[in-house]
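Shown next, in structure tokens, is the structure this report addresses.
The values are calculated or read from the model by the stated rules, or taken from the named source; none is laboratory data. What you see is a predicted model; the values in this text were computed from it and never measured. In this analysis, Cβ positions are derived from the backbone assuming ideal geometry, glycine residues included, and neighbour counts consider all displayed protein chains.
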Amino acid sequence: MPDQEKRVTWVELFFDLVFVVAITQVTSLLHADHSWSGAARALVVFIPIYWAWVGMTMHANLHDVDRTRARLGVFAVGLCGLFMALALPEAYGSRGLLFGAGYWVARLVLYALMWRSYRGVGFNPFTAAAFVSGPLLALGGLADGGVRVALWALAAGVDLLVPLLARRRMARIAYEPSHLPERFGLFLIIALGESVAKTGVVAGHQPLTPDRLAAVAVAFALVCALWWVYFVFAAGAIRHALRTAEVAMEVIRPVLPYGHLAFIGSTIAIAAATGEVITHPLAHLHTDAAALLFGGAALYLATFGYTRWRMFHTVSTTRLSAAVLCLALLPPAGYVPALAAMAALVAVLVALNVWEARIAHRHEDPERHLPYMNAERPTA
């Protein structure tokens, strides 16, 4: 590891502004259609957006992006991301080509920026995106209906599968591990911020009755609890795993791009459902909205079980138990006011954070004995 850890640059933070817009648009798509098919369509368009962000993050990790040429490359990919975000409201309609072409051009730019670093790895996510999934996205934008959905779903599948197939070749790439947890944590902050923004926007267009103000307070408490679960306990565990791993890529690949896809996707689902609670705090939640709220929270917590196993090969009993409890609350959620249902979810998350804080205080070395690790020393 270098003497001075690589930090996130100002140009990367500026680049992230595009993805604030993109996350907002994906959340709006999901808010407009809570059905299983609507959730699937939202996921299909979210994966290319997320993977373009991941590609730029990996480029910034391997290169100095605080140079003129590099900044121009970041801006170019950012513009493509902005075009994709603008296309999202009608991505399955008249703006499909704008979405698909925006992604393809972004991946071609990233391929040009990364080809030197991956010269010895012919089959890698950047070549696959530039010459397989990018063209599939563009072709899908020219197609209609189910053909477009199928082509885009195939492209998303290619993007997700290639890093797994190329993992042995990519193990030789020397990523700077201190930079990556910060970047992925910042993207999760964007997703959590969308929940706050959704709460404010929806409430701002409604009468601020006492029940709605209570719903705003509970929604904000929910976001705070989700933040606490990740940033107080898990973020330190991820940094610890990267510092101590024999092969950093074996932690980076499953925990950062894949694990955070689930973290961010579940947070978007929760944000979409939060809008429903704010709109009708005393009405019963529709089944689809309840599934987004409680299912999203369960997925968020269960993902910690996956990432902890990949990092330390131990089971996160506290978070997996809380995930099961969230799912158990899903059936009765439709029989109580939406505000009460969301308050019950907040109670589960607060109880989890309190319990883990008690475990943390029992140990002299809190960084090594994080509750995220279930109060056990990580095993090899």
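Some notes on this structure:
- Residue among V336, V348 that is touching a strand residue (DSSP E or B) at 6+ places or on another chain (Cβ under 8 Å), modelled with pLDDT of 95 or more and not assigned by TED's automatic domain parsing to the domain that holds V26: V336
- Conditions (1) in contact with a Cys (Cβ under 7 Å, 6 or more places away or on another chain); (2) among the small types (G, A, S); (3) more than 20 Å from L29 (Cβ to Cβ); number of the one not met by A129: (1)
- From L213, L226, L208, residue being outside any helix (DSSP H, G or I) and not acidic (D, E): L208
- Across the range 178-187, a minimum of one residue is classified as within 19 Å of F19 (Cα to Cα), touching an Asp or Glu at 6+ places or on another chain (Cβ under 9 Å), crowded, with 17+ Cβ neighbours inside 10 Å and of a type in the set (K, R).
- Matching residues, the range 201-235, being surrounded by fewer than 19 Cβ atoms within 10 Å (Cβ to Cβ), touching a helix residue (DSSP H, G or I) at 6+ places or on another chain (Cβ under 8 Å) and not hydrophobic (A, V, I, L, M, F, W, C): Q206, D211
- Any hit, the range 41-55, residues being part of a helix (DSSP H, G or I) and without any contact (Cβ under 8 Å) to a residue 12 or more places away in the chain: no
- Taking the range 85-177 and the helices (runs of 4 or more DSSP H) fully enclosed by it, the elements with 3 or more residues that are buried (at least 20 other Cβ atoms within 10 Å of the Cβ) and either in the same structural domain as V251 (by TED's automatic domain parsing) or at pLDDT 90 or above (or both) are at 96-114, 134-142, 145-165.
- Residues located in the range 331-344, provided they are assigned to a helix (DSSP H, G or I) and touching a helix residue (DSSP H, G or I) at 6+ places or on another chain (Cβ under 6 Å): A333, A338, L339, A341, M342, A343, A344
- Members of the range 38-74 found to be under 20 Å from the mean Cα position of the chain (by Cα) and either within 15 Å of D288 (Cα to Cα) or among the charged types (D, E, K, R) (or both), listed by number: G38, A39, A40, R41, A42
- Listed by first and then second residue, the pairs linking a residue in the range 128-151 that is closer than 15 Å to W51 by Cα to a residue that is of a type in the set (G, A, S), with Cβ atoms under 6 Å apart and 6 or more places separating them unless they lie on different chains, are S133/A155; L136/A155; L137/G100; L137/A155.
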